[in-house]
1. About the Cα centre of the chain, what is the dipole size in debye to 20, counting +1 per Lys and Arg Cβ and -1 per Asp and Glu Cβ, all else neutral?
2. What is region 179-298 by shape, rounded, prolate or oblate, if you read a ≥ b ≥ c off the alpha carbon gyration tensor as root eigenvalues and call it rounded for a/c under 1.5, prolate for a/b larger than b/c, and oblate otherwise?
3. Once the Cα atoms of helix 34-53 and of the chain are each reduced to a long axis, what angle between those two axes, in degrees from 0 to 90 to the nearest 10, is obtained?
4. Can you find, among LEU308, ILE459, GLY293, the residue farthest towards the positive end of the dipole of the chain? Put +1 on the C-beta of Lys and Arg, -1 on that of Asp and Glu.
5. If exposed GluC sites (Glu not before Pro) are those in a DSSP loop with at most 10 other Cβ within 10 Å, what is the longest stretch of the chain that has none?
6. What does the accessible area per residue of the chain come to in Å², with a 1.4 Å probe and no ligands, DNA or RNA counted?
7. As an exercise, take the mean of 1/r over every pair of distinct alpha carbons in region 287-399, invert it, and state the Kirkwood radius in angstroms.
8. Below 9 angstrom from the Cβ of HIS278, what's the summed charge of the other residues (Lys, Arg +1; Asp, Glu -1)?
Amino acid sequence: MSKDSNYDASSIQVLEGLEPVRKRPGMYIGDTGEYGFHHLLREIINNAVDEALGGFADTTAVEFHPDGSVSVFDNGRGIPIDEMPKYKKSALEVMMTTLHSGGKFEGQAYKVSGGLHGVGISIVNALSEKSIVIVKKDDKYYRQEYSRGDVKTPLTEIKESDLDNDTVKALIKEESGTAFTFKPDHKVFGDLTFDFDRIKKLLRNYAFLTSNLHFKLTDNRAESLPTRYGFYFDGGLKSFVRYQNQAHNPIIKDPFYVIGEQDNIQVEIALQYHTDYHTDILSFTNNIETKEGGFHETGFKSALTRVLNDYAKKNELVKGDKSLSGEDVREGLTAVISIKMSSEKLQFEGQTKTKLGNTEVRPIVETIMGQALQSYLEEHPTEAATIIQKNLLAQEARLAAQKAKETVQRKSALEGASLPGKLADCQSRKAEESELYVVEGDSAGGSAKQGRDRRFQAILPLGGKPLNAEKNRLDKILDHKEFKHLLIALGAGVGDDLNIEKLRYHRVILMNDADVDGKHITTLVLTFIYRQLKPLIENGYVYVAQPPLFKIKAGKEITYVYSEEERDVKVSELLSENKTYNITRFKGLGEMNPEQL
């Protein structure tokens, strides 16, 4: 093996300042797609919320501007603007231009915060075309501007009249505060724009999680009047659970709630069961949503399973040596878990903070949750019996579903010998090149079979309306003939037993009629996939075909349009050109000839 003789010290590159962020943004914000793009804004909002968690602020405002920039304001203490002797720069400039700088390392400036790594504001600065920070302290306003991590203007005192938008002008009413405006770099993120509903949900969640904190959201990007929202909730986590359960029928009127503290870790939990079957557990650490869970969720689940089993056995609600599983006690459960702890000790897995890594949190959550739930069950025997009955029905359904899953998996394992009779399979056995078209009814299936390329395209007709997977347990769903056929065709199992490596097709395409019924069927099948085959969606294997609603023929020109609005636009064009035309409305895919399909 030859070796490069020129590999010496001159080959080693050291990235200075914020250069590492611009070279490898995904290392710091997860990716440069929708997630990473919105992560920039979350970092700045989190800084504002941290001021409130520390007791220094009661208002956070976010405002979107027409040029693609966004402003975040808080009425906290204001980022320090005095000089740091070691760097001969203001603290603001050091924080904006230096990785791992901030007030969250030793736990002095912030006892509780969502920030940890000291890179949030500097990363946003590095990945923004422009960043403008305005700080108010001692009745004076200070401004500094940056671009792609570089300082563009010195820190300068400005006049009140120089404040240029509503969110920034909010500083006028406050003793102190910070307004941060930034525009993400199009060289990094392309033409992505901020999703208003996504940020609205984030601020709503924060309002549930943080008492006495007002949130304001304004969108000035439309030509019409601005869109404005405000959030403030007195009920805390109990209000949060009720909000999550709006679309469900709770079996307990008032949510269970506990708040406690041990070893300087505060634990707050609210939960409520409903008559539906899916589980919704949201967890947060210092107001940061931990979508991948962590040891606080593990402690919660352990306490829930143990305490409900102990109560059921003690009161002879379960027979013999049977026990409720974790799956049984979580069916139909909505829960919110929020812990707050010293930012100095906080350990997130990764800069994007999606999983809590502090092992010491598990026994604390388990103890606080366990003791409170045990007392609640003893003091509320009627509610306790209702919950246990719900758990027992879930156990019965789980055992029935397991038998049904075994049947599906056994038939799937037999490959072609037991594939559904209506499936017109493809010739290829390579999943990465194979497509399965799931179509509406035998008529559409017949047309699709004629129009396909049998080398790699398979067709599976589904008859009738599928079951609603949101409203039915897995045992009922697996007893549904059409879904059973789909699972056998896919060959990868279902639910917790899904093995994505056994999937027979890497493109599953839902192809239904363009009318309301077709859209309803698509929604029901997507719901089933989301609830029981979610890894297919997460791996990008699920598609929805969009058939045209009308065919417009003008002479030899044929145009397919997908909505009544598109039809009207095209007709207007043809009328302005004085062309005669003919419109055909497709009643269904079965009407199309193979070439059209």
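1. Details: 79 positive and 88 negative charges, 311 e Å.
The calculated dipole for the chain is roughly 1500 debye.
2. Values: a/c = 1.95, a/b = 1.66, b/c = 1.18.
Prolate, since a/c reaches 1.5 and a/b exceeds b/c.
3. 50
4. After comparing all options, I get ILE459.
5. On the way: sites that count: GLU16, GLU106, GLU223, GLU316, GLU577, GLU595.
Excluding the exposed sites themselves, the longest stretch runs over 317-576.
6. On the way: 29230 Å² over 597 residues.
I get 49 Å² per residue for the chain.
7. Working: mean 1/r = 0.0654 Å⁻¹.
Evaluated on region 287-399, it is 15.3 Å.
8. On the way: positive: ARG531; negative: ASP276, ASP280, GLU331, GLU470.
That works out to -3.
The values are calculated or read from the model by the stated rules, or taken from the named source; none is laboratory data. Predicted model, so just to flag it, every value in this text is computed and none were measured. In this analysis, Cβ positions are derived from the backbone assuming ideal geometry, glycine residues included, and neighbour counts consider all displayed protein chains. Remember, those area values only see protein heavy atoms, side chains included, never the ligands or the DNA or RNA. Shrake-Rupley method; radii C 1.70, N 1.55, O 1.52, S 1.80 Å.
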